[in-house]
Structure formats: C-alpha cells, structure tokens
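Presented below is the structure to which this report refers.
Read-outs: derived from the displayed coordinates by stated rules, not from any lab. None of these values were measured; they are calculated from a predicted model. With ideal geometry, Cβ positions are generated from the backbone for all residues, glycine too; neighbour counts draw on all protein chains shown.
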Amino acid sequence: MIPRPAAARLPAGTPESDEILAQTADLLAVAVAAGLTPYLALETAVALGPPAVAGRLEVVMAAVADGRRFVEALDDEAARSPALGPLLAVLAGSERSGTAAGPALSRLSAAIRARARRRAMARARRVPVRLLFPLVFLVLPAFLVLTVAPVVLASLR
C-alpha cells in the first residue's frame, strides 16, 4: 500500500467533501463493475482514491488486517465518520447480502452530486438579496451625487 498521512476528518456538507465522496463512490463502482469484491474495491480506493477519504478507508483495512470482520470494520468507521456513512453502508449491505454494489454506488454518487448542485443553487439565489444593501445604500447614492446633483445645482444657478 502507498504510505499516507494520518487520516483526516472529512467535513460533511461542504462542496469539496461532496465532490470527494462522489469521486470515491464512482471509483468503487468502477472497481466493483470490473469484478472486484467490495473488500478489493476498498483496497483500490485506498490506493487510488482521494487522500482525505483514503485515509479513513485505510483505517477500515487496518481493522480487517487486525482480525475484525469486514462488515464490522465498515460499520465502526461509518459511526466514526458520518460523511462516509452512506458510502460504507452500501459496501456493508453488499457484503452482507451478496448483491451488486455497483448500481447502488452509482446512484449514491448521483445523489451526492445532485445535493451539491441544489446547495450551490440555493447559495446562488441568495446573492441578489446580499447585493441589495450595497446597491441601495452605496451605489445608488453615489449615482445620484455624480449624475443628478450637478444637473440640479446647474439648474438652481
């Protein structure tokens, strides 16, 4: 395995974390679609995935190497890292039931990206409201002083 720095916490709900989680879900979906088991797909994600997630997944691999069952290690890490919870739950469910994880991982990736898109659109809708204050109290008075005031002063003379 590639040596990595200590596992960092992945903050949930930020655009960066959403994109990292979506990339990891896509990577796992491709690995599973290529015929790898969830365990081997997780090894691939540790080796090739984004460092923030790979560090957390490496904890799962270390727990399995220490003798824990794969599903238990996934559940423990999901409890420690809520941002990774849905991703690890898909892998654990696949491991428990033997169903294909690829379609679920693809749907999860699409859902994460859709959530990030909705969050970005909500932020974009707040921009005009935030720009209203500077417009009304700074730009509009400056416009009046520079354009209307000279005309009024000239007409009074």
Subject >> Set of the stretch 70-111 residues, backbone N closer than 15 Å to the point 7 Å along the Cα-Cβ line of residue 121 >> reply: 111
Original post:
Modelled label-to-label distance, residue 97 and residue 133, 7 Å Cα→beta-carbon offset: nm?
Top reply: 5.0 nm
Original post:
Say we join alpha carbon atoms closer than 10 Å with springs in a Gaussian network model of the chain; which of 88, 36, 138 then has the biggest fluctuation?
Top reply: 138
**OP:** Could you tell me the distance between the Cα centroids of the stretch 36-105 and the stretch 121-157, to the nearest Å?
**Re:** 55 Å
**OP:** Any chance you could list P(r) for the stretch 15-127, counting all Cα-Cα pairs in 5 angstrom bins from zero, rounded to whole %?
**Re:** 2, 13, 23, 25, 18, 8, 5, 3, 2, 1, 0
Subject >> Student exercise, the chain dipole from Lys, Arg, Asp, Glu Cβ charges, in Debye to nearest 20 >> reply: 1020 debye
